[in-house]
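> Pasting a structure here, questions to come.
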Amino acid sequence: MSKETLTVTDNRTGKTYEIPIVENQAIRAIDLREIRTSDEDFGLLAYDPAFTNTASCRSAITYIDGDKGILRYRGYPIEQLAERSNFLEVAYLIVKGDLPAPSNSKAFVHNITHHTIIHENITKFIDGFHYDAHPMGILVSTVGALSTFYPEAKKIFDAESRKVQTHRLVAKMPTLAAFAYRHSIGMPYAYPDNDLSYTGNFLNMMFKKTELKYKPNPVLEKALDVLFILHADHEQNCSTNAMRSVGSSHVDPFSAVAAATAALYGPLHGGANEAAIRMLESIGDVKNVPAEIKRVKAGEVRLQGFGHRIYKNYDPRAKIIKRIADEVFEVTGKDPLIDIAVELERIALADDYFISHKLYPNVDFYSGIIYKAMGFPLDMFPVLFAIGRTPGWIAQWQEMLLDKEQRIARPRQLYVGAEERDYVPVDERADHGDPADEQPDAR
Ligand code: ACO
């Protein structure tokens, strides 16, 4: 009979330890602490910069098999959800664990719809931003500010309070996002229209002009709804890790979502589809694709929208997005960048470099082209990601709060700094000789 344990010998002492294996795939890092050279020794730590091989939680929300290209929310394949569900139903599924029954679905949609309005004072902060303020900067600030409007959100262990804050967050993110955009183009804010679907209303708040009633194009409304579904969760990525880590201090969920949104703002996370568009624009023409592939293979540039830390196969989300791109172009007209993208993919997928490195298109390769065709400026791409990811952040935060094993997130470090030394009065200190050290700032 095989045992679910790992036997480790410490060659410094010759001692052997038996460490239990949990869930058939991990050891508890704290068990390493038993491995020590003496009673005074603190014990071994696991060193894992960027958490590339550390499970920080048990989670029942999203399953990914990166080698096989599988993504499931609460067990449901992403392909089925994209084809047959809608974003609010998926939000319910992710946050609550199961698809809603008809009456729950109706009540959930009603609750979200009736929380879309934001307090008028929030428009005053938005007014105060510079005209060219990045909408992601506005979103980070305003979603954080919501915590001051809902002080009861601090009751994070009250299930009813968590439910209401969930409705508010899912409902108000599109309103904040659209208002940030309207501010940047100097248009008056378009208030929510509760007759429209979640995604239809977002398009209304973004693009309504002088018409009395905005009518979203059903193909574009469906396409954006699917894009929101595809972004709804992706297990322990950078922004979700930020949500859990900040939330573990027991701060209110609006502040934790502000932190997660800030993490998403970074170009390595929420900004890759913008980089993909800029790359396609710089290639300029299908005939330049072979030269670009050559540059990528020579290590001069990376193919943006290709490769993934987890997926070593075609990102299942990219397959779905590629399909909906054709439907969107039927309405908006074809964006010439799509031909460049398709040719890049065709050549790359047949090339040894990309095959041997397991590089496939990721979610960002085609999503930017669709957003652009729908009229979203590049700055809004990470904002759209944030709207879609909000249910995932909330579900992960709630799971963390209710998990008895979780405590305030507090990693260890390997200290590599100076040994203890005595304070030296300022006039007795030697010059470091570093001309780049503190000088008066140029401005
Ligand atoms: N183009 C060319 N070569 C690449 C690419 C790429 N897009 N991505 C990885 N490689 C190569 C690397 O040069 C490296 O080659 P080597 O082993 O010969 O040195 C190898 O593949 C492994 O690359 P890493 O950077 O170690 O892979 P990692 O898992 O750390 O990075 C990442 C994943 C950041 C996504 C990377 O593939 C990349 O930079 N892609 C382009 C940016 C992008 O599309 N980001 C979006 C990710 S999806 C999301 O965040 C929603």
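Coordinate-derived values only; no laboratory data. Quick caveat, the model's predicted, so the values are computed rather than measured. We place every Cβ from the backbone using ideal geometry, glycine too, and count neighbours over all the protein chains shown.
> Enter the mean projected area of the convex hull around the alpha-carbon atoms of region 146-214, in nm², rounded to one decimal.
Details: hull surface 21.5 nm².
Averaged projected hull area, Cα only: 5.4 nm².
> For region 306-316, what does the Karplus curve 6.51 cos²θ - 1.76 cosθ + 1.60, with θ = phi - 60°, yield as ³J(HN,Hα) per residue in whole Hz, taken in order and with x for Gly and Pro?
10, x, 7, 4, 9, 7, 10, 8, 4, 4, x
> Modelling each spin label as a point 7 Å along the Cα-to-Cβ direction, I'd like the residue 163/residue 281 distance in nm, to one decimal.
If labels sit at residue 163 and residue 281, their model points lie 4.7 nm apart.
> Assuming R0 = 30 Å, can you tell me the calculated FRET efficiency for the pair residue 101 and residue 124, based on Cβ-Cβ distance, to the nearest 0.05?
So the FRET efficiency works out to roughly 0.15.
> Could I ask something else about it? Once phi is turned into ³J(HN,Hα) by the Karplus curve 6.51 cos²θ - 1.76 cosθ + 1.60 with θ = phi - 60°, what whole-Hz value does each residue of region 275-286 show in order, with x for glycine and proline?
5, 5, 5, 4, 5, 4, 5, 6, 5, x, 7, 3
> OK, next. So for 389, 346, fewest C-beta neighbours within 10 Å to most, what's the order? Display every interim value, and only then the final one.
Values: 389 27, 346 11.
In order of increasing Cβ crowding within 10 Å: 346, 389.
> Between region 286-362 and region 1-56, how far is it from one alpha carbon centroid to the other, in angstrom?
Using only Cα atoms, the two centres lie 41 Å from each other.
> Something else: Between helix 253-265 and the chain, what is the angle of the helix's C-alpha long axis to the longest principal axis, kept within 0 to 90° and rounded to the nearest 10?
That helix lies at roughly 90 degrees to the long axis.
> A further question on this structure: At a Förster distance of 45 Å, what's the computed FRET efficiency of residue 422 paired with residue 19, Cβ-Cβ distance as r, to 0.05?
The pair residue 422/residue 19 has a calculated efficiency of 0.60.
> On the Cα set of region 290-443, report Rg and Dmax in Å, please.
24.6, 75
> Counting Lys +1, Arg +1, Asp -1, Glu -1, what net charge surrounds residue 384 among other residues with beta carbon under 13 Å of its beta carbon?
With Lys, Arg at +1 and Asp, Glu at -1, the neighbours total -2.
> Express the relative contact order of the chain as a whole percentage, based on alpha carbon pairs under 8 Å and six or more residues apart in sequence. Don't jump to the answer; show the numbers that get you there.
Working: 575 pairs, mean separation 84.0, N = 443.
In percent, rounded to a whole number, it is 19.
> Add +1 for every Lys or Arg and -1 for every Asp or Glu among the other residues with Cβ under 14 Å from the Cβ of residue 231, and state the total.
Values: positive: 317, 389; negative: 225, 233, 235, 315, 364.
Local charge sum for residue 231: -3.
> If you don't mind, there's one more thing I want to ask. Give me, ordered by chain and number, the residues 5 or more places off residue 15 or on other chains with an amide H under 5 Å from its own placed amide H.
Amide H neighbours of residue 15, under 5 Å, 5+ apart: 10.
> A further question on this structure: Note the full-extension length gain between residue 429 and residue 351 as 0.36 nm times their separation in residues minus their Cα-Cα distance, in nm to one decimal.
Gain on extension, residue 429 to residue 351, equals 22.1 nm.
> Across 5 Å bins from the origin, how do the percents of Cα pairs in region 62-197 run, short distances first?
Pair shares across the bins are 2, 9, 16, 16, 16, 15, 13, 8, 3, 0.
> While we're on this one: With springs only between Cα atoms under 10 Å, which of 97, 186, 433 fluctuates most in a Gaussian network model of the chain?
Maximum among the listed residues: 433.
> Turning to a different aspect of this structure: Take 19, 185, 394, 156 and order them by how many other Cβ atoms sit within 10 Å, fewest up front.
Arranged by neighbour count, lowest to highest, 19, 185, 394, 156 become 185, 19, 156, 394.
> Let me ask something else about it. Compactness ratio of the chain: Cα Rg over 2.2 N^0.38 Å, N = residue count?
On the way: Rg = 24.8 Å, N = 443, 2.2 N^0.38 = 22.3 Å.
Relative to the rule-of-thumb radius for its length, the chain sits at 1.11.
> Let me have the relative contact order for region 327-443, percent, based on Cα pairs under 8 Å that are six or more residues apart.
20 percent
> Taking only Cα atoms and a 10 Å spring cutoff, compute GNM fluctuations for the chain and point out the largest among 59, 356, 282.
Among 59, 356, 282, the largest mean-square fluctuation in the Gaussian network model of the chain belongs to 356.
> Moving on to the next point. Between residue 131 and residue 314, what length comes free when the chain is fully extended (0.36 nm per residue of separation minus the Cα-Cα distance, one decimal in nm)?
Stretched out fully, the residue 131 to residue 314 stretch lengthens by 61.9 nm.
> How high is the relative contact order of region 111-237, in percent, counting Cα pairs under 8 Å that sit 6 or more residues apart?
Numbers: 109 pairs, mean separation 33.7, N = 127.
Value for region 111-237: 27 percent.
> Step through the residues of region 217-225 one at a time and calculate ³J(HN,Hα) from phi using the Karplus curve (6.51 cos²θ - 1.76 cosθ + 1.60, θ = phi - 60°), rounding each to whole Hz and writing x for Gly and Pro.
Along region 217-225, the couplings run 5, x, 5, 5, 4, 5, 4, 5, 4 Hz.
> Pull up all non-local amide H partners of residue 70: gap of 5 or more, or a different chain, and H-to-H distance under 5 Å with H placed in the peptide plane.
Amide H neighbours of residue 70, under 5 Å, 5+ apart: 65.
> Here's something else I'd like to know. Under a GNM of the chain (C-alpha, springs under 10 Å), which listed residue has the highest mean-square fluctuation: 38, 255, 147?
38
> Sort out the exposed loop GluC sites (Glu not before Pro) in the chain (DSSP loop, at most 13 other Cβ within 10 Å) and tell me the longest stretch that has none.
Result for the longest clean stretch: 41-210.
> Something else now. Calculated from DSSP H runs of 4 or more alone, at -39500 (n - 2.57) each and per residue, what is the 222 nm mean residue ellipticity of the chain, nearest 500?
The helix contribution divided over the chain gives -15000 deg cm²/dmol.
> Loop only by DSSP, 12 or fewer other Cβ within 10 Å of the Cβ. Give me the trypsin sites (Lys or Arg not before Pro) in region 276-313 that pass, ordered by residue number.
309
> Amide H of residue 362: which non-local residues (sequence gap of 5 or more, or other chain) have their own amide H closer than 5 Å, using H built in the peptide plane?
Correct list: 306, 307.
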